[in-house]
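Trainee: Structure incoming, see below.
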Amino acid sequence: MRPKKVLFFSQDPGGTNALIPIIRELGGTSYIAVIGKDNAIPIYERKGIPFVPINKITNRFDTESIKKIIADYQPDMVLTGTGAADFFERYIWAASRELFVKSVAVLDSWCYYGLRFSNYTFKEIEKYEAKREIMYLPDRLLVMDQDAKTACVKEGIDGSIIYPCGQPFFQELSESFAQLDQKDVVFYQQKISSGDKKKIIIYASDNLSDSFPPNGRIFWGYDEKTIFLDILSAIEKVCTKKEKYVLVIRPHPKEKKGTWEKVIDNLDVKELKVIVDGTVKEEIAISSADLVIGMWSMFLTESIIAKKRVISVQIGAKRQAPFILEEKGLLEPILDKRELESQFKRYFSGEDIGNIRWNVDMKAVEKAKKYIQKFL
């Protein structure tokens, strides 16, 4: 009997990171082929996963074009992420169904449960919220936990196709933090500090400006730049030893290159060192940090897995963000400038703030493999 053939597709960072541990785990028992699009490409390259950029196959991403790709590969199953930026994965599920090929999608985060399966993208989120119709579905959907399954069912997704199995990327990340060479962390700390012993504060940006209509600031009441400026202002106001700290802006993978360099060029900051760095791998960046601060980027959740101190800032919020740490009661975001200054005062005076503990399911990859092989 020939080994089963599994064809993977992904395009966004979260979905790609969740699929990679599954690709590695299935590789010993199944024949694997991987196709990457957009932000998935540099992640597959960095993590050493053999793949084919979809642009080498086609520049059209409608159902008929994807049907041709699937027909050429002749897989027994298609596995995808669940991106909400466009209809890429949704067309893959539709194409698979027309070709009688089994499809499995992996949900990677606790947000936008229904949007990912609707007729709308991020930029049309208000239209989705008005209708909330599920239009596209894979044959099976792997989700992180029972909370995620409950939320999916509430959005109208058939519960019989949903299987909670943990978050494969979190398991891999937890293991990689434990195995990280501390010499690499120290080297990075020294590089960022220019040889001095400075404490590193990482600002984890998010791509809010370009992802929500008409822009992030109007939709949410803030965006990655307003929050950064609030953070910078608070540090400048309450920190008496700015020369002992470095503020590192960690761009989101979907942000345009050079965006933050332009912001820094317009700053009038004298004692505090502010830099942009998104080049080093996340595990090293997170491990080097004394404090991680942001809005609700997955980077914050990853930092908690690394047992780092984390603060969420959502000053100006018009609505509640889809932030799992807040939903699970593990963290309360800072919503006004005075509270932010108060928290920084405590931090700079040496108080232990932002400590959050969340136990990660260390059998997520094994569970995902079990579900997939059973369906195969």
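Trainee: I'm checking my understanding of the structure. Among residues of the range 155-172 that are open to solvent by 30 Å² or more (accessible area, probe 1.4 Å) and under 21 Å from the mean Cα position of the chain (by Cα), which one is farthest from Phe117 (Cα to Cα)? Don't jump to the end; show me each part of the working.
Mentor: Of all residues in the range 155-172, those open to solvent by 30 Å² or more (accessible area, probe 1.4 Å) come to 155-156, 158, 160, 163-164, 172.
Checking which are under 21 Å from the mean Cα position of the chain (by Cα) leaves us with 163-164, 172.
Details: Tyr163: 16, Pro164: 18, Glu172: 27 Å.
Checking each candidate, the answer is Glu172.
Trainee: Give the range 1-49 a look and list any residue that's among the hydroxyl-bearing types (Ser, Thr, Tyr) and free of Cβ contacts under 8 Å to residues at least 40 places away in the same chain, or say none. So that I can check it myself, show each step before the final result.
Mentor: Of all residues in the range 1-49, those among the hydroxyl-bearing types (Ser, Thr, Tyr) come to 10, 16, 29-31, 44.
Residues satisfying the conditions are Tyr31, Tyr44.
Trainee: From the list Ala321, Ala317, which one is at pLDDT below 95 and farther than 26 Å from Val185 by Cβ? Give the steps one after another, and end with the answer.
Mentor: Working: Ala317 fails: at pLDDT below 95.
On inspection, the qualifying residue turns out to be Ala321.
Trainee: Look at Glu64 and say whether it is touching a residue at least 60 places away in the same chain (Cβ under 8 Å), assigned to a helix (DSSP H, G or I) and among the charged types (D, E, K, R).
Mentor: Numbers: touching a residue at least 60 places away in the same chain (Cβ under 8 Å): no; assigned to a helix (DSSP H, G or I): yes; among the charged types (D, E, K, R): yes.
Against the criterion (touching a residue at least 60 places away in the same chain (Cβ under 8 Å), assigned to a helix (DSSP H, G or I) and among the charged types (D, E, K, R)), Glu64 does not qualify.
Trainee: Among the residues of the range 340-362, are any among the aliphatic types (A, V, I, L, M) and open to solvent by 40 Å² or more (accessible area, probe 1.4 Å)? Lay out the reasoning, then the answer.
Mentor: Looking only at the range 340-362, we keep the residues that are among the aliphatic types (A, V, I, L, M), and these are 340, 353, 356, 360, 362.
In the following step, the residues that additionally are open to solvent by 40 Å² or more (accessible area, probe 1.4 Å) were identified as 362.
Yes, some residue in the range 340-362 is among the aliphatic types (A, V, I, L, M) and open to solvent by 40 Å² or more (accessible area, probe 1.4 Å).
Trainee: In the range 229-282, how many residues are part of a helix (DSSP H, G or I), open to solvent by less than 30 Å² (accessible area, probe 1.4 Å) and farther than 28 Å from Asp12 by Cα?
Mentor: The number of residues fulfilling the criteria is 6.
Trainee: Of all residues in the range 226-268, which are closer than 19 Å to Ser349 by Cβ and of a type in the set (Phe, Trp, Tyr)?
Mentor: Tyr245
Trainee: In addition: Taking into account only those residues within the range 64-91 that are buried (at least 19 other Cβ atoms within 10 Å of the Cβ) and at pLDDT below 95, which is nearest to Phe8 (Cα to Cα)?
Mentor: Here the residue is Gly83.
Trainee: Filter the range 118-143 down to residues that are in a loop (DSSP other than H, G, I, E, B), open to solvent by less than 80 Å² (accessible area, probe 1.4 Å) and out of contact with any strand residue (DSSP E or B) (no Cβ under 7 Å at 6 or more places or on another chain) and give me whichever is farthest from Trp358 (Cα to Cα). Even if it seems obvious, please write down each step before you answer.
Mentor: The initial filter retains those residues of the range 118-143 that are in a loop (DSSP other than H, G, I, E, B), namely 118-121, 132-139.
Adding the requirement that they be open to solvent by less than 80 Å² (accessible area, probe 1.4 Å) leaves 118-121, 134, 136-139.
So of that shortlist, the ones also out of contact with any strand residue (DSSP E or B) (no Cβ under 7 Å at 6 or more places or on another chain) come out as 118-121, 134, 136-137.
Values: Ser118: 31, Asn119: 34, Tyr120: 33, Thr121: 30, Ile134: 31, Tyr136: 32, Leu137: 30 Å.
Checking each candidate, the answer is Asn119.
Trainee: Does the range 203-221 include one or more residues that are touching a strand residue (DSSP E or B) at 6+ places or on another chain (Cβ under 8 Å), crowded, with 16+ Cβ neighbours inside 10 Å, modelled with pLDDT of 95 or more and assigned to a loop (DSSP other than H, G, I, E, B)? If you could, list the steps in order and put the result at the bottom.
Mentor: Start the filter on the range 203-221 by keeping residues that are touching a strand residue (DSSP E or B) at 6+ places or on another chain (Cβ under 8 Å), which leaves 203-206.
With the extra rule that they be crowded, with 16+ Cβ neighbours inside 10 Å, the set shrinks to 203-206.
In the following step, the residues that additionally are modelled with pLDDT of 95 or more were identified as 203-205.
When the remaining residues are screened for being assigned to a loop (DSSP other than H, G, I, E, B), the result is 205.
Checked the range 203-221: at least one residue is touching a strand residue (DSSP E or B) at 6+ places or on another chain (Cβ under 8 Å), crowded, with 16+ Cβ neighbours inside 10 Å, modelled with pLDDT of 95 or more and assigned to a loop (DSSP other than H, G, I, E, B).
Trainee: Can you tell me which condition Tyr31 does not meet? The list is (1) hydroxyl-bearing (Ser, Thr, Tyr); (2) within 27 Å of Lys367 (Cα to Cα); (3) in contact with a helix residue (DSSP H, G or I) (Cβ under 9 Å, 6 or more places away or on another chain), and all the others hold.
Mentor: (3)
Trainee: Does the range 295-312 contain any residue that is modelled with pLDDT under 95, under 26 Å from Lys257 (Cα atoms), in contact with an Asp or Glu (Cβ under 9 Å, 6 or more places away or on another chain) and charged (D, E, K, R)?
Mentor: yes
Trainee: Of the residues in the range 173-210, how many are under 20 Å from the mean Cα position of the chain (by Cα) and over 27 Å from Val313 (Cα atoms)?
Mentor: Step one: filter the range 173-210 for residues under 20 Å from the mean Cα position of the chain (by Cα), giving 173-177, 201-210.
If we keep only those that are over 27 Å from Val313 (Cα atoms) too, we end up with 175-176.
So the answer is 2.
Trainee: Also, quick follow-up: Within the range 1-33, can you find the residues that are buried (at least 24 other Cβ atoms within 10 Å of the Cβ) and of a type in the set (Phe, Trp, Tyr)?
Mentor: Phe8, Phe9 - these are the residues of the range 1-33 that are buried (at least 24 other Cβ atoms within 10 Å of the Cβ) and of a type in the set (Phe, Trp, Tyr).
Trainee: Taking the range 309-339, which residues are charged (D, E, K, R), outside any helix (DSSP H, G or I) and either open to solvent by 50 Å² or more (accessible area, probe 1.4 Å) or without any contact (Cβ under 8 Å) to a residue 24 or more places away in the chain (or both)? Steps first, please.
Mentor: So the first thing to find is which residues in the range 309-339 are charged (D, E, K, R), and the list is 309, 318-319, 326-328, 332, 336-339.
From the residues that got through so far, the ones that are outside any helix (DSSP H, G or I) too are 309, 318-319, 328, 332, 336.
Listed by number, the residues that qualify are Lys318, Arg319, Lys328, Glu332, Asp336.
Trainee: Would it be correct to say that Thr301 is open to solvent by 30 Å² or more (accessible area, probe 1.4 Å) and of a type in the set (Val, Ile, Thr)? Break it down stepwise before answering.
Mentor: Numbers: open to solvent by 30 Å² or more (accessible area, probe 1.4 Å): no; of a type in the set (Val, Ile, Thr): yes.
No.
The values are calculated or read from the model by the stated rules, or taken from the named source; none is laboratory data. In this text, all values refer to a predicted model and were calculated from it rather than measured experimentally. Here the Cβ is made from the backbone with ideal geometry for all residues, glycine too, and neighbour counts use every protein chain on show. In case anyone asks, the SASA skips ligands and DNA or RNA and just uses the protein heavy atoms, side chains included. Shrake-Rupley method; radii C 1.70, N 1.55, O 1.52, S 1.80 Å.
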